[in-house]
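Everything below concerns the one structure shown next.
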Amino acid sequence: MGVFAQGLALAGLATVGMGLATPAAAHPHVFIQSHVELVGDDTGRFVSIRNVWRMDELFSSSVVIDFDANATGVLEAEELDAIGETIRESIAEWGFYTFAELGVRDVKLKDPEKVHALFQDGQLILFFEMPVDEAIDLTTQSVKVSNFDESFFVAFDFTGGAEAFQLVGLPGTCRKALNVPDEDEAAARWMDEIATLGPDEAVGEEGGAFADVMATRLELTCAAES
């Protein structure tokens with residue numbers, strides 16, 4: 001059984017490319033329609049992030065080929081569990097492509113205990129929950145949340161804009177604002193960061209990551225309006 005070698009590309013799948021790709025040369029190979037639930041309590045405490053990912057049809061069909069052990073053409077419960085566990089183990093290295101930011105630092109998130117998988121209308125659907133591993137009071141602080149892949153191998157689509165991010169259990173006073181970067185401005189910013197590298201320096205974290213710069217983020221706050 002293959003594992004996810006880059007992004008959500010299964011190394012064992014002939015239909016999906018593998019290998020590390022730098023942001024400057026990469027383009028997305030896997031496309032995900034993402035829905036994010038931001039979970040809290042009625043005091044405004046940030047509790048967890050829930051992801052629901054609908055995978056593209058090409059990737060989904062290749063997963064059926066690789067995981068349909070009994071060749072029935074249908075993914076049964078045990079096969080779906082195997083897919084979920086393979087994904088959970090394999091994308092941990094990339095932080096499960098799930099990020100919350102508090103100012104200039106990342107919020108501490110716990111790994112999901114399980115990645116659930118369904119196959120519906122020809123597409124693989126994944127859903128999992130990541131608890132927040134620190135105390136964050138959204139009435140005094142705002143957070144930014146997103147799904148993205150710094151290698152730019154996996155592309156996340158937030159169809160519906162801000163409605164792709166749902167607030168669960170939080171006070172009615174909480175507000176959300178979607179930040180969608182301008183492509184030209186983001187590209188210029190990334191190139192400016194790359195330009196600071198020396199001739200012998202590789203493009204790495206110090207050079208920025210195009211997908212990070214381009215990532216759509218949802219800002220959430222429950223602070224009282226002044």
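The values are calculated or read from the model by the stated rules, or taken from the named source; none is laboratory data. The shown structure was predicted, so the numbers you read here are calculated from the model rather than taken from an experiment. Cβ coordinates were reconstructed from backbone atoms using ideal geometry, including for glycine residues, and neighbour counts include every protein chain displayed. For accessibility, only protein heavy atoms count, side chains too; no ligands or nucleic acids. Shrake-Rupley method; radii C 1.70, N 1.55, O 1.52, S 1.80 Å.
Only one of the numbered conditions (1) modelled with pLDDT under 60; (2) more than 19 Å from the chain's Cα centre (by Cα); (3) surrounded by fewer than 14 Cβ atoms within 10 Å (Cβ to Cβ) is violated by residue 190, and that is (3).
Only one of the numbered conditions (1) part of a strand (DSSP E or B); (2) open to solvent by 70 Å² or more (accessible area, probe 1.4 Å); (3) small (Gly, Ala, Ser) is violated by residue 135, and that is (1).
Residues that are β-branched (Val, Ile, Thr) and modelled with pLDDT of 95 or more: find the strands (runs of 3 or more DSSP E) completely inside segment 1-115 holding 2 or more of those.
Qualifying strands (runs of 3 or more DSSP E): 30-40, 46-55.
Listed by first and then second residue, the pairs linking a residue in segment 129-151 that is touching a residue at least 12 places away in the same chain (Cβ under 8 Å) and among the charged types (D, E, K, R) to a residue that is in a loop (DSSP other than H, G, I, E, B) and open to solvent by 60 Å² or more (accessible area, probe 1.4 Å), with Cβ atoms under 6 Å apart and 6 or more places separating them unless they lie on different chains, are 133/108; 133/110; 134/108. Might you let me know whether segment 89-107 holds any residue that is open to solvent by 50 Å² or more (accessible area, probe 1.4 Å), within 26 Å of residue 163 (Cα to Cα) and within 16 Å of the chain's Cα centre (by Cα)? Checked segment 89-107: at least one residue is open to solvent by 50 Å² or more (accessible area, probe 1.4 Å), within 26 Å of residue 163 (Cα to Cα) and within 16 Å of the chain's Cα centre (by Cα). Note on segment 148-172: among residues that are in a loop (DSSP other than H, G, I, E, B) and of a type in the set (Asp, Glu), the one that is modelled with the highest pLDDT is 149. Each residue in segment 30-63 was checked for being of a type in the set (A, V, I, L, M), touching a Gly at 6+ places or on another chain (Cβ under 7 Å) and open to solvent by less than 40 Å² (accessible area, probe 1.4 Å), and 2 pass. From the list 155, 177, 100, the one residue that fits, being farther than 21 Å from residue 41 by Cα, touching an Asp or Glu at 6+ places or on another chain (Cβ under 8 Å) and hydrophobic (A, V, I, L, M, F, W, C), is 155. Being at pLDDT 90 or above and within 15 Å of the chain's Cα centre (by Cα), is that true of even one residue in segment 134-145? Taking every residue of segment 134-145 in turn, at least one turns out to be at pLDDT 90 or above and within 15 Å of the chain's Cα centre (by Cα).
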